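Inspection log for the structure reproduced underneath, given as structure tokens.
The values are calculated or read from the model by the stated rules, or taken from the named source; none is laboratory data. On a predicted model such as this, the values are computed, not experimentally measured, just so you know. Heads up, the Cβs are rebuilt from the backbone with ideal geometry, glycines too, and the neighbour counts pull from every protein chain shown.
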Amino acid sequence: MPRRRTPIVTFLTDFGTQDAYVAAMKAAVLRQTRDVHLIDITHEISAQDVLGGSIALERAVASFPPGTIHVAVVDPGVGTNRRLLAVSTNSQQVLCPDNGLITWAWRRFGGTARELTWRPDSYSRTFHGRDILAPAAGMLAAGKSLATLTRTLSGPLLLDLFMARGEEGAIIHFDRFGNATTNIPAGHVPPNASICLRKHNLGRLQRTYGEVSVGEPLALIGSSDLLEIAVRNGSARRELKLSLGDKVWVRRDKRVKTDGV
Amino acid sequence: MPRRRTPIVTFLTDFGTQDAYVAAMKAAVLRQTRDVHLIDITHEISAQDVLGGSIALERAVASFPPGTIHVAVVDPGVGTNRRLLAVSTNSQQVLCPDNGLITWAWRRFGGTARELTWRPDSYSRTFHGRDILAPAAGMLAAGKSLATLTRTLSGPLLLDLFMARGEEGAIIHFDRFGNATTNIPAGHVPPNASICLRKHNLGRLQRTYGEVSVGEPLALIGSSDLLEIAVRNGSARRELKLSLGDKVWVRRDKRVKTDGV
Amino acid sequence: MPRRRTPIVTFLTDFGTQDAYVAAMKAAVLRQTRDVHLIDITHEISAQDVLGGSIALERAVASFPPGTIHVAVVDPGVGTNRRLLAVSTNSQQVLCPDNGLITWAWRRFGGTARELTWRPDSYSRTFHGRDILAPAAGMLAAGKSLATLTRTLSGPLLLDLFMARGEEGAIIHFDRFGNATTNIPAGHVPPNASICLRKHNLGRLQRTYGEVSVGEPLALIGSSDLLEIAVRNGSARRELKLSLGDKVWVRRDKRVKTDGV
């Protein structure tokens, strides 16, 4: 019998890294199994920012191999009666509160959501990440079947993503380099369109940073299949003075179109 | 013979994460053994804040399974003749300088302290975490006996915790969410007491965040068995304008008491 | 046949820790092999600061055992035609862009540089760390030969280090504790010289912090064999009001010299 590959459990939270909270979750996994890779996605999600956590979670689910188990905890509702989820998506498992955190991964990869019903004999009311989600992740990593920990669910709670439907969208996220993600799906940006900000016309979509000069702004499709705005070797956020919610327009250039290009 | 479970070595420091210091300690463990899990507790203890490190260390010792080896380095005395410790506490090992860092774990779990006397052939005077503590942790993880690395010690140096003895205490710690820990032990807070700050009466002790409305402050007993002050889904530090050292009072409500409630 | 020791792959970037970028690189390694230790050096290199990354990388290469594979990504030129490197140095492998990032390790340890020519079937133009360097590191960790992934190269691009040649140098780096590294090699500092800043005479070189009182400044030779300036139990940067680029002088004390001391 071939030996099973060492499973992967990841952690995505808004806990920061100055306290022992993240380590406490890892300890809970290690109590279940030592044959596991423990990987941090990020713990710098803004406190209680479910949307920001959802974006980062989608990118994690896009990156990891089949079988990976993700523990995601941005959980303003802890201690209330919100449910916990076990979502199968992109051939991976996500354990998280049912508060919309799964939205972005669900939108991109679809999946099957079950309710995580397993509970330890006793657990805190304020730290389900350590007391329920992490031990459950450890049990899954140790080979326990999902069915024994969960029950069926009609569907997860999803955030309204407010995806742009027409020619106007907005900036919804910045990464650490100051690159801006918009809510405009790739499919809404024809090749001959111009991308405009209030005070900048970025011209047509570029395929890569290398297509503009150092310090120049550009628009391109990012890894989440959304329109992004960047500055080559710089920060679009700082240099274009962008803020969350800033409007972005996709202007179809009619003349070019009628020229058949 | 059953295979030994892969050991766990954790790291708690005030080194921050912008330099290669933490990695250098992990490298020192990996030179001794590769059959090990390396887990970060935190590296964001304020520089040379032995008390803050001690609180975080206690929480780590509370979370990890028996046999875990913790390397804790908040070490303003490095290069002086302060001793190094190997403390057995809560069925785990802590390797750290003898400067009070063990205080909180010792207060909660008790233990046995030995002096870590092992030294490599040569070592720096400024980085005992890398040169002594981490290799010793690696040797313990590899199965070397504690006795060969240590000698008996009368007792570790302990910080004066200034635990509140009467009805007045103070805030001694904030976590990343702005929750405040006080120096008032759970045993000093009768169920019918009111918890008061200079400008706020928080009423009685709550069991969980869910017992107050979103945005409301509350007092509860935290995981270290100390009185904590929080705001549901918010930051007590920011919203109640709290600072380290702020006074906290436990007011027994005599009338209620005489009513037999 | 003795079992091979679990390989080590490290990561050094300017990605920060608020996004999923670092995790995506680790996922790429884990797709190649699960028999690996994944270790963070730091992700807090200032954005696109190749020199700062080079200093941290040298310290990582100084710390890790033979066979370690380092993935270093500070890559302002991603998407241009800059090459990728596989450098053998200090019995370890460094995979990084050919933009000077290897300079400090190369200066200290020498080595052999090859061009990393392996490419996946498709890859992004903006994230070679995830798409090329990390998978290549995973393949090396899994035992693939370097020769199959690389070709010979005349030599790597090196930064001009502007090492001090005479008696005047400058501060080139601060660590998190406010210790300052200068560009003055140990060999330029005779034992009887005085170390001077614009407003401070630090006296002779000390061997360790313990040789001055708490709060006092001192000059000593750091782990990179360069002159460093520190304050015992304090921050030289803050307390001496130092900045990057500040001048530092090595003053030979002629009188002492003629006394034959």
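Below is a table of values for the structure above.
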read-out: Among the residues listed as B:66, B:7, the single one being in contact with a helix residue (DSSP H, G or I) (Cβ under 7 Å, 6 or more places away or on another chain) and surrounded by fewer than 24 Cβ atoms within 10 Å (Cβ to Cβ); value: B:7
read-out: Positions within the stretch C:219-248 being part of a strand (DSSP E or B), under 23 Å from the mean Cα position of the chain (by Cα) and within 14 Å of chain B (Cβ to nearest Cβ), in sequence order; value: C:219, C:220, C:221, C:228, C:229, C:230, C:231
read-out: Set B:161, B:205, B:157, B:242: member being out of contact with any Cys (no Cβ under 9 Å at 6 or more places or on another chain), without any contact (Cβ under 8 Å) to a residue 24 or more places away in the chain and not assigned by TED's automatic domain parsing to the domain that holds residue B:107; value: B:205
read-out: Selected residue [assigned to a helix (DSSP H, G or I) and at pLDDT below 95] from B:108, B:125; value: B:108
read-out: Inter-residue pairs, beta-carbon under 7 Å, first under 14 Å from residue C:219 (Cβ atoms) and in the stretch C:173-185, second of a type in the set (Asp, Glu), 6+ apart; value: C:179/C:228; C:180/C:228; C:181/C:228; C:182/C:228; C:185/C:225
read-out: Filtered residues of the stretch C:108-156 (kept if away from chain A (no Cβ under 14 Å), of a type outside the set (A, V, I, L, M, F, W, C) and crowded, with 16+ Cβ neighbours inside 10 Å); value: C:108, C:111, C:114, C:115, C:150, C:156
read-out: Flag if residue C:215 is on the phi > 0 side of the Ramachandran plot, within 14 Å of chain B (Cβ to nearest Cβ) and more than 25 Å from the chain's Cα centre (by Cα); value: yes
read-out: Cβ-Cβ under 8 Å pairs, at least 6 apart or on other chains, the stretch B:112-128 side over 20 Å from residue B:146 (Cβ atoms), far side surrounded by fewer than 16 Cβ atoms within 10 Å (Cβ to Cβ) and hydroxyl-bearing (Ser, Thr, Tyr); value: B:125/C:208; B:126/C:208
read-out: Enumerated strands (runs of 3 or more DSSP E) restricted to the stretch C:1-93, each holding at least 3 residues that are facing chain A (nearest Cβ under 10 Å); value: C:37-42
read-out: Options B:140, B:146, B:153, B:161: the member that is more than 29 Å from residue A:73 (Cα to Cα) and within 17 Å of the chain's Cα centre (by Cα); value: B:161
read-out: Residue in the stretch A:179-201 that is touching a His at 6+ places or on another chain (Cβ under 8 Å) and either outside the structural domain of residue A:59 (by TED's automatic domain parsing) or part of a strand (DSSP E or B) (or both) present; value: yes
read-out: Which listed residue, of B:56, B:72, is surrounded by 21 or more Cβ atoms within 10 Å (Cβ to Cβ) and either among the basic types (Lys, Arg) or without any contact (Cβ under 8 Å) to a residue 60 or more places away in the chain (or both); value: B:56
read-out: Conditions (1) touching a Phe, Trp or Tyr at 6+ places or on another chain (Cβ under 8 Å); (2) surrounded by 21 or more Cβ atoms within 10 Å (Cβ to Cβ): number failed by residue C:47; value: (2)
read-out: The lone exception for residue A:232 - which of (1) surrounded by 15 or more Cβ atoms within 10 Å (Cβ to Cβ); (2) of a type outside the set (Asp, Glu); (3) over 30 Å from residue A:91 (Cα atoms); (4) at pLDDT 90 or above it fails; value: (4)
